[in-house]
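For reference, the structure is listed below as structure tokens.
What follows is calculated from the coordinates using simple rules that are stated; it is not laboratory data. Just so you know, these numbers come straight off a predicted model, no measurement behind them. Here Cβ is always computed from backbone atoms with ideal geometry, including for glycine, and neighbour counts include all displayed protein chains.
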Amino acid sequence: MTGSLQTKKGKYYAVYRDDRGKQKWIPLDIPIAGNNKRKAQQRLREVLIEAEKNQAIVTSNILFVDWMLSWLDQKQASIVKGTHEGYLLYLNKHIIPYFEPKKLTLSKVNAQHLQGYFNAKIKEGQSASTLHKHNAIINGSLKEAVLKDIIPFNPADKVTLPKKKKYHGIAYTLEETRTLLNCSGDDPLRPAIVLGLFYGLRRSEVLGLRWCDINFDKQSIYIHRTVTKMITVDEKDETKNECSRRRLRIVPGTEQYFKDLMQLQKEQLSDCGEVFSMQRHVCVWPDGRSLGPDYVSHHFKLLLEKNKLPHIRFHDLRHTAGSLLLEDGVDIKTIQEFLGHSQASTTTNIYLHSIVRGGQVTANSLNRLIG
């Protein structure tokens, strides 16, 4: 806690702001006259130490759930929107409903209480990965309380969490890939499926792609925008990491498809009384509205069920592209750059199960394989 010396009516005052931001003036009963400034400065330090202790005592009696909400509110300025909304979702849906009825104060919460929470969530069927996200909130808020000298140690450090299982994406076979392309036909999701299979784009990258990012003259597609959703839809002119910002060659077999798609969207918008713009997203409804992240995931599942195809996530189209390339002999480094992985080791770990047989460059391989 910081404060300052102020003078009023010939005497020194200690001035500081409490945890609510309210300014406090504490009389020190030390006159300005008589060269008493050093004495006043010593007394100021004592006042601030005492105020900090009292504040810590008051704060330690705050309810644990209120402290976590307060911590998240303070963190909002330093974390991205999606992370903040994710934390808020976990708090409101899981953590607060569990702890609020217990009326635990920050100073009383212990490792047994926290372990009880995680054990209960395991029984509910929450994945290890999800519980580690919950712990990021619980542990982070308690760590802050330790740093502020409100509690002596972090009880979350004594909690045992389930080990996260490494997820291996499910890749379609070549036959299943061709079947998916054939059955998607005029489905609103077809452009997204083409981008996932032929370019290995993440869902967020697919939805962030605008027509101005496709340069037919230079035969390139620039991946640099994303659309995500936790609670609200969030579009950013940035990718998952710097390596994900990449420029891809247009796969020969898809060039005419995208040109035809652009012309179709111009006609559809004209019918709706709208004007086509290169700033519009590639994946849209006939009336020009952009497809949403939830729709892509949910409708993709329905499309697979309708056509009796094995269940995979939309993200697994990206795994399918990577696996087909690797099996055709494209080297790991090329696939890493194509998919936008930050490290070649990431690509190797994901596609270790695929067999390398020697082959062609990325775009031509996908074009020839999928047709």
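Which one, Cys243, His281, Leu369, projects farthest toward the positive side of the charge dipole computed for the range 174-370 from Cβ point charges (K/R +1, D/E -1)?
Result: Cys243, furthest along the dipole toward the positive end.
With a point put 7 Å past each Cα toward its Cβ, work out how far Ile122 is from Asp217 in nm, to one decimal.
In this crude label model, Ile122 to Asp217 measures out at 6.1 nm.
Spin-label point model (7 Å from Cα, Cβ direction): what's the Asp331 to Phe276 distance in nm?
Taking the simple label geometry, Asp331 and Phe276 are separated by 4.0 nm.
Calculate how steeply helix 252-271 sits against the longest principal axis of the alpha-carbon atoms of the chain, using the helix alpha-carbon long axis, and give the answer as 0 to 90 degrees to the nearest 10.
Tilt of helix 252-271: around 70 degrees.
Report the Cα centroid-to-centroid distance between the range 259-310 and the range 190-233 in angstrom, as an integer.
12
Loop-only chymotrypsin sites (Phe, Trp or Tyr not before Pro) in the range 95-166, please: DSSP not H, G, I, E or B, and at most 14 other Cβ atoms within 10 Å. Numbers along the way, then the final one.
Values: sites: Tyr98, Phe99, Tyr117, Phe118, Phe153; in loops: Phe153.
Of the chymotrypsin sites (Phe, Trp or Tyr not before Pro), the ones in loops of the range 95-166 whose Cβ has at most 14 other Cβ atoms within 10 Å are Phe153.
Of the trypsin sites (Lys or Arg not before Pro) in the range 55-137, which ones lie in a loop per DSSP and count no more than 13 other C-beta atoms within 10 Å?
Numbers: sites: Lys75, Lys81, Lys93, Lys102, Lys103, Lys108, Lys121, Lys123, Lys133; in loops: Lys103, Lys108.
Sites meeting the loop and neighbour criteria: Lys103.
When the chain is fully extended, how far beyond the present Cα-Cα distance does Arg17 get from Asp149, taking 0.36 nm per residue of separation? Mind dumping the intermediate values first?
Values: separation 132, 0.36 × 132 = 47.52 nm, distance 1.76 nm.
The span from Arg17 to Asp149 would gain 45.8 nm if fully extended.
If you filter the range 173-227 for chymotrypsin sites (Phe, Trp or Tyr not before Pro), then keep DSSP loop positions with at most 14 other Cβ within 10 Å, what is left? Display every interim value, and only then the final one.
Numbers: sites: Phe198, Tyr199, Trp211, Phe216, Tyr222; in loops: Phe216.
Of the chymotrypsin sites (Phe, Trp or Tyr not before Pro), the ones in loops of the range 173-227 whose Cβ has at most 14 other Cβ atoms within 10 Å are Phe216.
Starting at the first residue of the range 149-160, write each ³J(HN,Hα) from the Karplus equation 6.51 cos²θ - 1.76 cosθ + 1.60 with θ = phi - 60°, in whole Hz, x for Gly and Pro.
For the range 149-160, the Karplus-derived couplings read 6, 8, 10, x, 8, 9, x, 5, 5, 9, 8, 9 Hz, x marking Gly and Pro.
With angles folded into 0 to 90 degrees, how steeply does helix 293-306 sit against the dominant principal axis of the chain? Use alpha carbons for both and round to 10.
40
Put +1 on the Cβ of every Lys and Arg and -1 on every Asp and Glu Cβ in the chain; which of Ile221, Leu89, Gly3 then has its Cα farthest towards the positive end of the dipole?
Of the candidates, Gly3 comes out farthest on the positive side.
Go ahead and collect, in residue order, the members of the range 316-346 whose backbone nitrogen is under 16 Å from a label point 7 Å along the Cα-Cβ direction of Lys164.
Under cut-off, by backbone N: 342-343, 346.
Putting +1 on Lys and Arg Cβ atoms and -1 on Asp and Glu Cβ atoms, find which of Ser270, Ile170, Ile26 reaches farthest to the positive end of the dipole of the chain.
Positive-end residue among those listed: Ile26.
Amide H of Ile231 versus every other amide H placed in the peptide plane: which residues, excluding those fewer than 5 positions away on the same chain, fall under 5 Å?
Close amide H contacts, sequence-distant or interchain: none at all.
To the nearest 20 debye, what is the magnitude of the charge dipole of the chain about its Cα centre, counting +1 on the Cβ of each Lys and Arg and -1 on the Cβ of each Asp and Glu? Walk me through the numbers on the way to the answer.
On the way: 55 positive and 39 negative charges, 374 e Å.
That gives a dipole near 1800 debye.
Using +1 on the beta carbon of Lys and Arg, -1 on that of Asp and Glu, and nothing else charged, what's the dipole of the range 174-370 about the Cα centre, debye to 20?
Details: 26 positive and 25 negative charges, 69 e Å.
For this selection, approximately 340 debye.
Given a Förster distance of 45 Å, report the FRET efficiency between Thr179 and Glu100 from their Cβ-Cβ distance, rounded to the nearest 0.05. All intermediate terms of the calculation are to be shown ahead of the outcome.
Values: r = 50 Å, r/R0 = 1.10.
Efficiency, rounded to the nearest 0.05: 0.35.
If R₀ is 56 angstrom, what is the calculated FRET efficiency for the pair Asp29 and Thr83, using the beta carbon separation as r and rounding to 0.05?
Working: r = 49 Å, r/R0 = 0.88.
Taking R0 as 56 Å, the efficiency between Asp29 and Thr83 is 0.70.
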